[in-house]
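These notes are about the structure you will find just below.
The values are calculated or read from the model by the stated rules, or taken from the named source; none is laboratory data. Since the model is a prediction, treat every value here as computed from it, not as a measurement. Every residue, glycine as well, gets a Cβ built from its backbone with ideal geometry; the counts of neighbours run over all protein chains shown.
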Amino acid sequence: MKRLIQLNLIREVLFSEKACGLPPLVSYGQIIQPDRTTNETVQYICQDGYQLHGSSILKCILSQWQPTPPICEPITCDDPQTNFNGYIISLSNNNSSKYLMDTIVRFHCSSDLVLRGSRISKCQFNGSWSPKIPKCEKPIPCSIPSLPSHGRYQNLHPFIQQIDDGRQLEYVCGNSRYRRRIFCRQGKILPRMPKCFNECRVEDEQIIFSKKIYRHREKVYFTCNNHSLPLINNETIRCINGNLSKQPVCQKIPTMCVVPHTLFLRNIANTTIPSGTSFQIGSSFSYTCIQDYQPVNQSATVECLDDGTLSYHAHCVPKSCKEHPPVINNGRTIFHSTTHGSVARYRCFPGYKLENNNLVKLTCQFVFCPNPGPLINGRIYVVLKDERISPLPIRSEFRSYIPNVSHGRTIEFECNSGSTGLTCNHGRWMPAERPRCIIEHHVQPNIIFTG
C-alpha cells in the first residue's frame with residue numbers, strides 16, 4: 001500500500017506541469033527555463049539595477065509553483081551621511097529617499113575642515129560607493145621649505161612661513177621661465193624637497209639646434225648645416241642638469257668620390273676613369289667586363305652621390321644566355337630565368353618518356369605496354385572509353401597477335417563460367433571436382449606521368 005502511494009505521488013509530480021499553468025510574473029524580473037524538456041522548472045533573474053530576494057527557482061509540485069515567487073527590489077547603497085562628518089549634495093535626479101544604483105553625490109566640509117579623499121562618489125551595482133567615502137579632517141599647515149640658492153618662490157610674501165593644508169606654491173630656478181609646484185598635504189610637502197636643475201644652453205656654428213635653451217630631461221633636437229651630416233644616428237640626446245647626455249657631432253660630407261683600387265678583382269677589364277682617381281659629386285664613370293662576363297647593372301655606370309658614396313659597387317657576373325632553352329616535342333620546358341647558373345627542366349606529356357637524357361639532345365617518345373599474354377579459361381577485352389562515340393564503355397575482344405597496348409588504354413579479363421552445383425549419381429557427386437570460391441583481387445592501376 002505504501003509503495004502504491006509513492007508511485008501515485010511520483011506520477012502527480014511528473015505530470016503536474018500541465019495543471020500548474022503559466023509561472024507567476026515578477027515585476028522587474030525575467031523568466032528563463034533551465035529544463036526545456038519537461039517545462040516543470042523555471043528560474044527568475046532581475047533586470048539591471050535590481051536585486052533578487054527569495055528563491056530564484058520555482059518547481060511545479062502538486063499543481064502549484066513552489067516556493068513563493070521572489071521579488072526584484074532596486075539596488076541601493078547605504079546612506080553615505082552615516083559615515084561622513086560633513087554634508088552631502090545629491091547630483092542625480094532621484095525623487096526617492098534611497099540611494100539607487102548610479103546615484104552620484106558630492107561631499108562638502110565646513111570651512112574649518114579639509115576634505116580627505118574624492119569629492120564625489122557613485123553608487124555601484126554591488127551596493128557600494130566608489131570612490132570610497134571621504135573624511136573631513138582638521139587642516140595641518142606646512143612649513144615652507146627653503147629653495148636652492150638660485151631658486152625663488154612666485155607671489156609669496158617674504159614674512160609668510162607656512163602654507164595652508166591643500167594649497168600649493170610655485171617656484172622657478174635661476175633665470176628659467178618654467179614654474180614648478182609643491183603641495184601641502186596633511187602637514188607634508190610634496191614632493192619632499194624642491195629641487196632646481198640647471199638648464200642647457202646650446203650654441204654651435206656647425207650644429208643647428210631646435211632651440212637655444214632646454215629644460216632638465218628635455219629631448220634635444222638638432223640638424224647639421226650644409227655639407228655635413230650627423231655622426232650620431234637614431235640616438236636620443238637629453239639635457240641632464242645643465243649638460244647634454246651626449247655631444248652631437250656633425251661630419252663633413254666628402255665633395256669627391258674615389259674609383260676603387262680593387263676593380264681588377266671584380267672581373268672588370270676597363271674603366272673610363274682610372275682606379276684610385278677622384279671624381280666630383282654628380283659625375284660618374286663607366287666600366288667594361290672581361291670575356292664571357294657582363295656588368296651587374298645594365299647601364300654599367302657608377303655615380304658619385306651627394307653624400308660622397310658610390311651608387312653601387314661595380315663588378316661583373318657571368319653572362320646570361322641570349323636565348324630561351326630549346327623546345328622539346330611532345331613535352332614542356334620549365335625555366336624561370338636565363339641568367340648564369342639557371343636550370344631548365346623538361347617534362348613529357350602523358351604517354352611519353354624522356355629518351356637520351358643528356359645535355360646534347362632530349363626527345364619524348366611514346367610509351368607502350370607489352371601484350372599481357374593469353375588468359376587460360378578466360379577471355380581478354382579491350383575497353384574503349386570515348387563519349388563522342390558512346391556514353392558507355394565499348395568492349396571488343398583483344399587479339400593475341402597485337403604486340404603492345406598504348407598509354408591510357410584499358411583491358412579487361414573475364415573468366416569462363418564454371419559449374420555452380422553437384423548431382424548425386426549412384427553414391428557419387430558429379431562432376432567429381434567441387435566448385436571453389438576464389439577471392440578476387442583488383443588493383444586500380446597507377447597511371448605514371450613520366451618526365
Pairs, first assigned by TED's automatic domain parsing to the domain that holds residue 21 and under 17 Å from residue 127 (Cβ atoms) in the stretch 40-68, second surrounded by fewer than 19 Cβ atoms within 10 Å (Cβ to Cβ) and charged (D, E, K, R), C-beta under 8 Å, six or more apart: 49/102; 50/73; 51/73; 53/73
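Conditions (1) among the small types (Gly, Ala, Ser); (2) loosely packed, with under 14 Cβ neighbours inside 10 Å, marked per residue:
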site	(1), (2)
291	no, yes
299	yes, yes
308	yes, no
311	yes, no
325	no, no
342	yes, yes
Candidate set: the stretch 113-127, residues that are closer than 20 Å to residue 92 by Cα and in contact with an Asp or Glu (Cβ under 8 Å, 6 or more places away or on another chain); chosen: the one surrounded by the most Cβ atoms within 10 Å (Cβ to Cβ): 123
Flag for residue 192 being in a loop (DSSP other than H, G, I, E, B), closer than 25 Å to residue 244 by Cβ and among the charged types (D, E, K, R): no
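Among the residues of the stretch 78-112 satisfying the criterion of being of a type in the set (Ser, Thr, Tyr) and in a strand (DSSP E or B), which is surrounded by the most Cβ atoms within 10 Å (Cβ to Cβ)?
Filtering first and then ranking leaves 99.
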Condition check for residue 131: over 21 Å from residue 188 (Cα atoms) and not basic (Lys, Arg): yes
Test: residue in the stretch 436-446 that is modelled with pLDDT under 75, farther than 24 Å from residue 349 by Cβ and of a type in the set (Asp, Glu): yes
Qualifying residue in the stretch 128-147 (condition: surrounded by 12 or more Cβ atoms within 10 Å (Cβ to Cβ), within 53 Å of the chain's Cα centre (by Cα) and farther than 24 Å from residue 78 by Cα): yes
Selection from the stretch 370-384 of residues that are aliphatic (A, V, I, L, M) and more than 11 Å from residue 399 (Cα to Cα): 375, 376, 383, 384
